[in-house]
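Enquirer: Structure provided below as structure tokens; questions to follow.
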Amino acid sequence: MTGQPLLDVRGLRAGYGASVVLDDLSFNMGVEAIGIVGRNGMGKTTLCDALVGFLPTTRGEVRLHGRRIDRQTPERIARAGIAYVPQGRRLFPSLTVDEHLAMLARGSRGGRGKRWTPSAVYELFPRLAERKKHGGADLSGGEQQMLAVGRALLLNAELIVMDEPSEGLAPTIVDVLVDAVHHLVDEGVAVLVVEQNLRVAARMAQRQMVMVSGRIESEFTGQELLDRPELQHRFLGVGTSAAPNAGSNQTPNRSPS
């Protein structure tokens with residue numbers, strides 16, 4: 001990458017108590033989408049939690065536009081420009097779609113003229129506009145994921161971190177999310193996607209970084225991983241048969257969840 005990266009992670013270490021999960025992890029990215037893939041237990045979700053401040057780091061640096069943001073609170077990191085779409089969505093069952101978005105809009109960065117407002121989220125996800133008076137518990141899984149993404153967008157962040165966004169979703173909803181990721185990058189928002197589904201990850205991002213034992217072991221294009229079953233077997237633990245079409249959300253060779 002030429003010039004200063006948007007996000008620069010250097011020698012990161014983090015874990016739980018005496019257990020080290022991330023060990024000397026480094027990568028950088030610009031205004032683009034990148035995927036983080038790997039077997040279960042390699043530290044992908046731990047990386048997400050460390051980037052957004054949910055898990056303290058014990059060594060290394062995280063810089064956003066050259067400014068250190070590691071070892072800060074999640075609130076400060078969000079204000080600095082990183083938003084999170086966590087695995088499991090973590091919505092409030094009793095709040096309506098409108099109430100979820102209004103709550104985040106009040107505290108978002110950017111002030112007047114900010115790009116992402118509830119109206120802009122409804123434009124990106126028309127289905128949410130149809131369901132705006134429904135509570136979080138009344139939404140389908142796909143609608144909940146759209147709301148989780150929309151909620152993150154209202155922080156008007158420069159980087160969106162998504163953990164397993166396609167988990168449990170129908171192919172038609174995955175298509176909506178893939179289109180949303182490309183739309184965000186076109187508008188200047190970077191997206192880091194942790195995905196268990198390689199075919200979905202490859203559709204969302206050209207750059208794919210493979211995590212092994214808490215560090216970035218290798219980098220490939222999404223298509224290269226799809227075209228080389230030996231890489232899938234080596235890094236993801238999937239079968240060695242040829243990969244299906246990348247447009248499909250069916251995952252007969254999906255790594256264990």
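No lab work stands behind these numbers, since they all come straight from the coordinates. Quantities reported herein were computed from a predicted structural model and do not represent experimental measurements. FYI the Cβ positions are ideal-geometry reconstructions off the backbone, even for glycines, and counts take in every protein chain you see.
Enquirer: In terms of Cα to Cα distance under 13 Å, which aspartates and glutamates are near enough to residue 132, apart from those fewer than 8 places away along the same chain?
Expert: The reachable aspartates and glutamates, counting only those whose Cα sits under 13 Å from residue 132, are 98, 99, 123, 143.
Enquirer: Give me the number: length gained by fully extending residue 129 to residue 94, i.e. 0.36 nm times residue separation minus the C-alpha to C-alpha distance, one decimal in nm.
Expert: 10.9 nm
Enquirer: Between residue 61 and residue 16, what FRET efficiency follows from the Cβ-Cβ distance if R0 is 35 Å, with the result rounded to 0.05?
Expert: For R0 = 35 Å, the calculated efficiency reads 0.95.
Enquirer: Related question: On a full-extension model of 0.36 nm per residue, what is the gain between residue 4 and residue 68, subtracting their alpha-carbon distance, rounded to one decimal in nm?
Expert: Gain in length upon complete extension: 21.7 nm.
Enquirer: Moving to a separate point now. Most fluctuating residue of 118, 93, 74 in a GNM of the chain with Cα springs under 10 Å: which is it?
Expert: 93
Enquirer: Rounded if a/c is under 1.5, else prolate if a/b is larger than b/c, else oblate: which is the chain, with a ≥ b ≥ c the root eigenvalues of its Cα gyration tensor?
Expert: Oblate shape, in that a/c is at least 1.5 and b/c is the bigger or equal ratio.
Enquirer: Using the basic label-point model (7 angstrom from Cα toward the beta carbon), what is the residue 32 to residue 182 distance in nanometres?
Expert: Inter-label distance under the simple model: 1.7 nm.
Enquirer: Please work out how much length the chain gains when fully extended from residue 137 to residue 103, using 0.36 nm per residue of separation minus the C-alpha to C-alpha distance, in nm with one decimal.
Expert: 10.5 nm
Enquirer: Report the residue, chosen from 98, 70, 186, that carries the largest GNM mean-square fluctuation when the chain is represented by alpha-carbon nodes joined by springs under 10 Å.
Expert: Top of the fluctuation ranking is 186.
Enquirer: If you don't mind, there's one more thing I want to ask. Output wanted: per-residue J couplings in Hz (rounded whole) for segment 152-157, from phi through Karplus 6.51 cos²θ - 1.76 cosθ + 1.60, θ = phi - 60°, x for Gly and Pro.
Expert: 5, 4, 5, 6, 6, 7
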